[in-house]
Ligand code: RI2
């Protein structure tokens, strides 16, 4: 399981960062690992897939996109009849290719829809680094819209620096602020765009810690708060009553040589209630968080059939 184990390590230590990158890396690793499989029969090949799946699922808790993508491939492989392990390997590759194609189509559509919300002269506030939000910025820039971005540094891992570099590479005017300065700067903004790690059946969104504070500040200042995301980040377990698990990361990320006895808490994500979200910008266009189940049934009905082990976390 060398390929899968290496990918899992890179996901765990945040070398691979962002919900989308995590999902794509995990799927690639699974398929590459299967290519090297020396399984003699179908049962052993499927058992190897199950081991790989478990290793990948244990990397990070709040990653429904990765879980959905891997469960989809595993389910398709289990449900069909195979003549040989070779055939199964080919189909795993094809399923992954189809998933990637669908993902890129969704991304293009999401970017086109999102870019229309950025009007000339706008100041857009964003938090953390989301490749989906970056795609919207890129598309707006490509269309010649003149706008600027206020971005948070995003403690403790400073993902805001990734966003900052991408914006400067695009030639977009970018201003970085510390996370606690959001309320001071929100009044000068026209729009908030953030990404998502998970979407629940109620239309609540789990994203980088601090997102819900940004949403509160936006609500107070009457600035629209939009979430840019693929619908594949929907967590089907939440339909059955489970709370989305919120990953708690190591205290050393917050303070490496903290004094003994100090308690440090370091949740990676928080929940933004749907009431604070103007819309979810996704491959179905802009939808209200309340209509999430309808959108999932229309676009990815299989998502509601591929639930596996439950995830429990703190209540929203
Ligand atoms: P894309 C990130 O989490 C951020 O919370 C970001 O908004 C979200 O993933 C979505 O990113 P982390 O993996 O999928 O850095 O849009 O902990 O790239």
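Every number in this text was worked out from the coordinates using simple rules, so none of it is lab data. Computed from a predicted model, the values in this text were never measured in an experiment. Glycine gets a Cβ as well: all are built from the backbone with ideal geometry, and neighbour counts include every protein chain shown.
Results, tabulated for the structure shown:
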read-out: Packing-based exposure ordering (other Cβ within 10 Å, fewest first) of 161, 249; value: 161, 249
read-out: Burial ordering of 183, 265, 107, fewest other beta-carbon atoms within 10 Å first; value: 265, 183, 107
read-out: Rounded to 10°, Cα long-axis angle of helix 2-12 versus longest principal axis of the chain; value: 20
read-out: Segment 184-234 - Debye-derived log10 I(q)/I(0), Cα point model, q = 0.23 Å⁻¹; value: -0.84
read-out: Relative packing of 38-46, 191-199, 293-301, which averages over residues the other C-beta atoms within 10 Å, highest first; value: 191-199, 293-301, 38-46
read-out: Segment 1-85: radius of gyration and largest Cα-Cα distance (Dmax), Å; value: 12.6, 39
read-out: Viscosity 1.567 mPa s, 4 °C: Kirkwood-radius Stokes-Einstein D of segment 224-314 over Cα pairs, µm²/s; value: 83
read-out: Rounded to 10°, Cα long-axis angle of helix 19-35 versus longest principal axis of the chain; value: 20
read-out: Nearest-ten-degree value, helix 85-115 long axis tilted from longest Cα axis of the chain; value: 10
read-out: Cα Rg, Dmax, segment 162-270, angstrom units; value: 16.5, 46
read-out: Cα-based shape type of segment 118-220, given that a ≥ b ≥ c are square roots of the gyration tensor eigenvalues and the cut on a/c is 1.5; value: rounded
read-out: Separation between Cα centres of segment 79-95 and segment 212-289, rounded to whole Å; value: 37
read-out: Hydrodynamic radius of the chain per Kirkwood, over alpha carbon pairs, in Å; value: 20.3
read-out: Within the chain, helix-based [θ] at 222 nm, where runs of 4 or more DSSP H residues each add -39,500 (n - 2.57), nearest 500; value: -14000 deg cm²/dmol
